[in-house]
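Structure, as structure tokens:
The values are calculated or read from the model by the stated rules, or taken from the named source; none is laboratory data. All values derive from a computational prediction rather than experimental measurement. Virtual Cβ from ideal backbone geometry, glycine too; neighbours counted across all protein chains shown.
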Amino acid sequence: MKPLTHPLVSRPCHWINALPILLALALSIPPAMAADPVAQVKGMDQASLLLEERGRDLVAHHPDTPRVPASTMKLLTAFAALETWGREYRFLTDVHRDDANGLWVKGYADPYLVSEELDRMVAALKSKGLREVAGIGIDDSFFGPDVEIAGRSSSDNPYDAPVTALAANFNTLNLVRTGDQVHSAEPQTPLTATARRFGLAGAAGKQRVNLREREVALRYFGELLAAKLEQTGVRVGDQRKIAPMPRHAKRFYRHANSRTLVEIVEPMLKFSNNFIANSLFLRLADPEGNTGVSMASARLKMTDFARRRFGWREFRIEDGAGLSRGNRLSARQLVELLDAFAPYRDLLSEQDGNPNVRAKTGTLRGVSCYAGYVRRESAWLPFALLINQPVEYTLRQRVASNLAR
């Protein structure tokens with residue numbers, strides 16, 4: 001790639017190095033300000049920034065103004081989950097058998113029942129003597145029927161997957177279509193009838209889509225479990241039900257996820273998994289897993305947690321992943337959260353190319369956020385950046401790198 005020159009650049013440089021200056025020209029930002037990303041943020045009306053050291057503001061710009069936090073909201077959800085259950089907590093899923101030899105699976109919002117985890121469940125069922133069942137029943141009544149995630153759109157993207165109390169592979173499908181043939185893109189995930197229908201409805205090539213609706217997602221869970229049971233030699237009848245489990249059904253097996261909570265939270269933060277975040281958010285409405293929950297009860301529970309733990313007053317929580325534009329947090333509130341989150345700092349990913357920054361991004365259209373820690377003279381300091389106006393995508397990383405220096 002050839003270097004380029006520009007009147008504002010004193011020597012040839014590659015386009016990536018000149019990008020801030022070229023963007024500054026396009027947005028009418030003074031070149032000196034573009035070279036200083038912190039100064040650029042301080043020139044914005046719809047932005048907040050706070051860097052703090054032992055309760056003292058080192059850098060501050062509108063730190064107390066509530067703004068849309070986008071996926072930095074996941075920091076609060078992660079903290080509440082870790083404080084409620086602890087790092088080593090494991091989610092449980094119950095398997096019952098009824099008088100007609102039907103197998104019932106009751107979910108309690110385990111967000112990480114991926115194909116490999118279902119293999120462990122099936123192996124345990126077979127080791128307990130399961131050889132034949134008349135059919136499979138799915139019970140996700142732990143979530144009430146009104147559960148709908150604020151900010152979730154109707155797209156087929158994985159990040160818009162429905163959230164159910166029982167779900168396989170985050171309620172998403174990974175497929176490949178070649179002509180009229182559909183194949184699973186994962187060797188550990190057999191192709192089911194529902195998956196085939198989705199594949200045929202999509203375009204040729206790789207498809208990564210969500211299951212869109214609660215009933216479709218639950219039906220798919222039953223299909224996938226049946227396929228995995230049959231792969232191990234367990235005979236499965238044709239009966240399929242989505243309903244509350246019969247009262248007379250007896251528990252046959254309780255499955256504890258092989259992953260601890262901390263092993264679930266870390267990838268949730270790294271890959272910004274909305275399904276995991278909102279599963280935790282809903283489950284926190286009833287930490288013991290005794291009764292059904294709703295989005296309203298989850299919002300009340302998380303709001304009460306934030307008020308009790310931090311004394312917050314002006315804020316709003318509508319979902320646990322940051323999908324809703326109705327969420328509101330201030331930079332100071334995020335920094336207060338990060339002060340408490342310090343024991344879990346290792347769960348945040350390093351910024352690409354800069355080990356002195358560990359932070360969580362938050363992105364919506366016209367929203368660019370970043371919150372975490374920067375290392376200065378061997379000390380990790382909390383910072384929060386909330387920009388609620390269109391900006392260059394890499395500005396937040398440049399701000400954090402500047403703060404780390």
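Some observations on this one:
- Of all residues in the stretch 36-73, those being within 19 Å of GLY362 (Cα to Cα) and part of a loop (DSSP other than H, G, I, E, B) number 10.
- Residues located in the stretch 233-242, provided they are at negative phi and either not acidic (Asp, Glu) or not assigned by TED's automatic domain parsing to the domain that holds ARG152 (or both): VAL234, ARG235, VAL236, GLY237, GLN239, ARG240, LYS241, ILE242
- The listed residue being among the charged types (D, E, K, R), surrounded by fewer than 16 Cβ atoms within 10 Å (Cβ to Cβ) and either under 15 Å from PHE221 (Cα atoms) or free of Cβ contacts under 8 Å to residues at least 12 places away in the same chain (or both), out of ARG197, ARG208: ARG197
- When the criteria are applied in full, ALA359 meets the requirement of being free of Cβ contacts under 8 Å to residues at least 60 places away in the same chain, closer than 14 Å to ARG396 by Cβ and under 17 Å from the mean Cα position of the chain (by Cα).
- Within the stretch 164-183, residues that are of a type in the set (Val, Ile, Thr) have Cβ atoms under 6 Å from residues that are surrounded by fewer than 22 Cβ atoms within 10 Å (Cβ to Cβ) and assigned to a strand (DSSP E or B) in these pairs: VAL176/HIS183; VAL176/LYS206, counting only partners at least 6 apart in sequence or on another chain.
- For LEU50, the conditions (1) at pLDDT 95 or above; (2) among the aliphatic types (A, V, I, L, M); (3) out of contact with any Pro (no Cβ under 7 Å at 6 or more places or on another chain) are fulfilled apart from (3).
- Taken as a whole, the condition of being of a type in the set (Ser, Thr, Tyr) and closer than 30 Å to ASN327 by Cβ does not apply to SER184.
- The residue of the stretch 211-232 that is surrounded by the most Cβ atoms within 10 Å (Cβ to Cβ), among those that are in contact with a Pro (Cβ under 9 Å, 6 or more places away or on another chain) and either of a type in the set (S, T, N, Q) or on the phi > 0 side of the Ramachandran plot (or both), is ARG212.
- Qualifying residue in the stretch 168-182 (condition: out of contact with any Ser or Thr (no Cβ under 7 Å at 6 or more places or on another chain), part of a loop (DSSP other than H, G, I, E, B) and either farther than 26 Å from ALA249 by Cβ or at pLDDT below 95 (or both)): yes
- Any hit, the stretch 314-330, residues being under 30 Å from ASP139 (Cβ atoms), hydroxyl-bearing (Ser, Thr, Tyr) and surrounded by fewer than 16 Cβ atoms within 10 Å (Cβ to Cβ): no
- Taking the stretch 265-292 as the range and being surrounded by fewer than 23 Cβ atoms within 10 Å (Cβ to Cβ) and of a type in the set (Val, Ile, Thr) as the test, only THR291 passes.
- Applying the set (1) touching a residue at least 24 places away in the same chain (Cβ under 8 Å); (2) surrounded by fewer than 21 Cβ atoms within 10 Å (Cβ to Cβ); (3) part of a strand (DSSP E or B) to SER258 leaves exactly one unmet item: (3).
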